[in-house]
Every structure is written in structure tokens, then in C-alpha cells.
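Heads up: the structure comes next, in C-alpha cells.
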Amino acid sequence: MYCTLDDIKKQIPGEAILQLTDDNQVGITMEMIVAAMAGTAQPDPDQDPALTAAAEEAAGFISEAIAGADSEIDGYCSVKYSVPFAVVPAVIKKVSADLAIYNLYARRVETMPEVRATNQKNSSRLLENISRGTVKLGEVADSAPVQKQQSPMVTSSGRLFGRDKMKGL
């Protein structure tokens, strides 16, 4: 993943994330989502199983939103770079977070907030420019460029029947 839940939380508040992911509105918390995403959620015998299930579902929505964003990034960047990135450039991390947030809003909100639509358009435009080569990601990303397929090397011995040997036949 090119971004994390923490990267998303830097751009939108936890309350917004809860509103976008808690479909059943059972009252899950960000701590529950973080634990579910980390796989460290321990079933609490006193806790309603619906809360645990809702937190896991919310974590799944966030993971899907990030995966969708990363897939779009890889689609554009694979033209010029080897993907997935081993070391994630800062600009890719931000684009991933912007697109993941857009994906979260897209699944719940009929009217997209203007700032989210603008960020998505700007991110897509940036990715198009990266794929065209007009924007470069820097030395970190350049260390692993896409290897162009080389044509096979063929060697052969000299001609057995050249013009001089075939003269007169």
C-alpha cells in the first residue's frame, strides 16, 4: 500500500472516516478500525459482536479504497517506472491518500465534496503527466526504471555458399 490509514487521517478527520465506513452506524471507533486493519483486534467478551464485525467491515472498505487508488497509480506509473514502488515517493503517497479518500466518499455520498473532486482531478492529471514523462518522480523512483524488452541476440557462423562459391551454377 502506498498510503496508510494515518496518511488518510492527516487529510480528513477520524469522524469523517467513521461516517464514510460505518454503514450500519453501530458506533465503532477509530481504535477499533486501526486494530482491525492491523489484524490485532481481540474479541472482547463484553463487546457486542456487531461492533467487531462493523470495525472489520470498515477496515475492509478502507483497504479497498487504498487498493483501488494504488491500482490506478500503478496503471499510470507502469509506463515509465517499475511498479509497485519499493520506496514510495512522497508525491505518490499523497496521490494515493487523495484517491483513497475520493474512493471512500464515492461509495457513500451522492454529491462529492468539491475539494475531494478537485483533489481527485488534480491527482489524475499528475498521474497522466507522470506517465507521459513530463513529471519525474525523482532519483528514488528512477533507480528502478522499467526494463525494455530487448530483442534476442543471434549469432551464426559465416556463409557456406556466398556469391563467389555459387558463381556459374
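Values computed for the structure shown
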| read-out | value |
| --- | --- |
| Residue in the stretch 92-99 that is surrounded by fewer than 16 Cβ atoms within 10 Å (Cβ to Cβ) and either on the phi < 0 side of the Ramachandran plot or touching a Phe, Trp or Tyr at 6+ places or on another chain (Cβ under 8 Å) (or both) present | no |
| Residue 11 being touching a residue at least 40 places away in the same chain (Cβ under 8 Å), out of contact with any Asp or Glu (no Cβ under 6 Å at 6 or more places or on another chain) and surrounded by 13 or more Cβ atoms within 10 Å (Cβ to Cβ) | yes |
| Pairs where the first residue, in the stretch 17-41, is closer than 17 Å to residue 103 by Cα and the second is of a type in the set (Asp, Glu), C-beta under 9 Å, 6+ apart | 21/57; 22/57; 23/57 |
| Residue count for the stretch 6-27, restricted to those that are among the aliphatic types (A, V, I, L, M), in a loop (DSSP other than H, G, I, E, B) and modelled with pLDDT of 95 or more | 1 |
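A quick yes/no check of all residues on (1) modelled with pLDDT of 95 or more; (2) charged (D, E, K, R); (3) surrounded by fewer than 17 Cβ atoms within 10 Å (Cβ to Cβ); (4) out of contact with any helix residue (DSSP H, G or I) (no Cβ under 7 Å at 6 or more places or on another chain):
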| residue | (1), (2), (3), (4) |
| --- | --- |
| 38 | no, no, yes, yes |
| 42 | no, no, yes, yes |
| 62 | yes, no, no, no |
| 73 | yes, no, no, no |
| 78 | no, no, yes, yes |
| 86 | no, no, yes, yes |
| 113 | no, no, yes, no |
| 122 | yes, no, yes, yes |
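Matching residues to (1) assigned to a loop (DSSP other than H, G, I, E, B); (2) of a type in the set (D, E, K, R); (3) closer than 21 Å to residue 118 by Cα:
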{"site": "54", "(1), (2), (3)": "no, no, no"}
{"site": "60", "(1), (2), (3)": "no, no, no"}
{"site": "63", "(1), (2), (3)": "no, no, no"}
{"site": "76", "(1), (2), (3)": "no, no, yes"}
{"site": "86", "(1), (2), (3)": "yes, no, no"}
{"site": "92", "(1), (2), (3)": "no, no, yes"}
{"site": "95", "(1), (2), (3)": "no, no, yes"}
{"site": "100", "(1), (2), (3)": "no, no, yes"}
{"site": "104", "(1), (2), (3)": "no, no, yes"}
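The values are calculated or read from the model by the stated rules, or taken from the named source; none is laboratory data. Because the structure is a prediction, the values reported are computed rather than measured. Methodologically, a virtual Cβ is constructed for each residue, glycine included, from the backbone with ideal geometry; neighbour enumeration extends over all protein chains shown.
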